[in-house]
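No value in this document is a laboratory result; all are computed from the given coordinates. No experiment lies behind these values; they were computed from the predicted model shown. All Cβ positions, even for glycine, are placed from backbone atoms using ideal geometry, and neighbour counts span all protein chains on display.
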Ligand code: LLP
């Protein structure tokens, strides 16, 4: 195996003497036999190290800071519990994510509710749970939260999501900080100013801070730097005339290395850029330092996760290419089809094989676009081989579907040679559990 792959596999991964991939001290070929495939394997210490690194790198440079895990990357009760243990707050975007967090008694004050179209029911449920803050995203929502809070005779804390008009230079489907986006109040159009005044006039809302999110994954520092400086410049006259900005969040979107050819900047670089831009802009405009909130999602869990598949059919088209089909695909990882995302592929039971050939790794879904890796060099594959795709921990399971009525994969957590199921494989009965027939 190319040693560079160790940079993108979960921390502590290794090659066993038999040429098998070892993750969290567990032979993944044994895991695939024990739990079946497709299987998502999360290595616990990688999640811990990533979360602690974010907390430390930011607090070292900006003591009043807090890391909120963007749970859309992947959440279930076990991950919610781990987030609490790691001292993370959480960013949720739906009643479903709230329900999962609440199932583990997530401290309500550590929950931040984002999203561009929260429903009346979701807002009510969140207020009833005591959710710390809403990140208000529209005039419609400001009115709704105010009304619901008024019905309960309480004051609800809200932050406001701005769209700063800065391009994070990432995929257009995951770009959110520009003018032409459904997210946030634009500074350029005057909506941001209007929304701030609007919230300040709402009797049952307390405007605690400002949020923006440029998109993801963002490999450059400059967009964060520019956006923070321009947003603080915009806010400073308001802060000087009475807006008590206690919280400030430049969002998440920190990059991960999906392939060993394109490694991300260090967490310390993001922390340095963001802290410095915030401190320098507050100093420049002589305003108090707010609490700094950051919302990494992908970068906490992506590297910790490896997807395992079993090779089935192999088709060779002479002179053209070889197709290697696996038992999962776009139903558990839509990212290649949706964003052309690139992944590395490992034949987990043949790490010592040096003879390679170029193949296309495809899934089992009835779609030509169900391609996990368009062109990769792999050891000569046979049916029954175990394929591992590293850096699968973010937005794989969380964006998974039952397309073609395939049950979703099981998820296991591994640590120090032990494995435990944190989500069982779906059954055919699960596929029909919502259906009714008279
Ligand atoms: N904060 C806000 C307000 C967000 O909208 C997001 C992601 C994050 C934080 C976390 O971004 P992260 O650190 O995970 O990059 N499904 C796509 C990504 C869409 C992300 C949407 N919002 C993907 O598979 O790449």
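Please express the shape of the stretch 45-300 as an equivalent ellipsoid: the semi-axes are the square roots of 5 times the eigenvalues of the C-alpha gyration tensor, given largest first in whole angstrom.
Details: eigenvalues 132, 107, 56 Å².
They are 26, 23, 17 Å, listed largest first.
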With a ≥ b ≥ c the root eigenvalues of the C-alpha gyration tensor of the stretch 317-438, is it rounded (a/c under 1.5), prolate (a/b larger than b/c) or oblate? oblate
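Once the Cβ-Cβ distance between residue 340 and residue 3 is put in as r, and R0 is 25 Å, what FRET efficiency do you end up with, to the nearest 0.05? Working shown, then result.
Details: r = 27 Å, r/R0 = 1.08.
With a Förster radius of 25 Å, E is 0.40.
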Compute the long axis of helix 44-61 from its Cα atoms, compare it with the longest principal axis of the Cα atoms of the chain, and write down the angle in degrees, 0 to 90, nearest 10. 30 degrees
Label residue 30 and residue 421 with points 7 Å out from Cα along Cα→Cβ: what is the distance between them in nm? 1.9 nm
Compute the Cα gyration tensor for the chain, then decide on rounded, prolate or oblate, letting a ≥ b ≥ c be the square roots of its eigenvalues: rounded whenever a/c is under 1.5, prolate when a/b is larger than b/c in the other cases, and oblate in all that remain. prolate
Note the full-extension length gain between residue 121 and residue 45 as 0.36 nm times their separation in residues minus their Cα-Cα distance, in nm to one decimal. 23.7 nm
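So how do 71-83, 255-267 stack up, highest first, on mean other-Cβ count within 10 Å?
Details: 71-83: 22.1, 255-267: 17.0.
Listed from highest to lowest mean packing, they are 71-83, 255-267.
When ranked by the protection proxy of mean other Cβ atoms within 10 Å per residue, highest first, what sequence do the peptides 96-102, 110-116 form?
Values: 96-102: 19.6, 110-116: 22.9.
Result, highest mean first: 110-116, 96-102.
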Kindly identify the stretch 365-416 as rounded, prolate or oblate by the Cα gyration tensor criterion: order the square roots of the eigenvalues as a ≥ b ≥ c, call it rounded if a/c is under 1.5, otherwise compare a/b with b/c, prolate if a/b is larger, else oblate. oblate
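Taking the mean number of other Cβ atoms within 10 Å as a proxy for protection, how do you rank 353-359, 189-195, 305-311, 200-206 from highest to lowest? Show your work: numbers first, answer last.
Working: 353-359: 12.4, 189-195: 16.6, 305-311: 25.4, 200-206: 15.0.
With the highest mean Cβ count within 10 Å placed first, the list reads 305-311, 189-195, 200-206, 353-359.
Among 147, 57, which comes first, then next, by fewest other beta-carbon atoms within 10 Å?
On the way: 147 13, 57 22.
Ascending number of Cβ neighbours within 10 Å: 147, 57.
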So if I take the centroid of the Cα atoms in the stretch 248-291 and the same for the stretch 73-94, what is the distance between those two points in Å? 22 Å
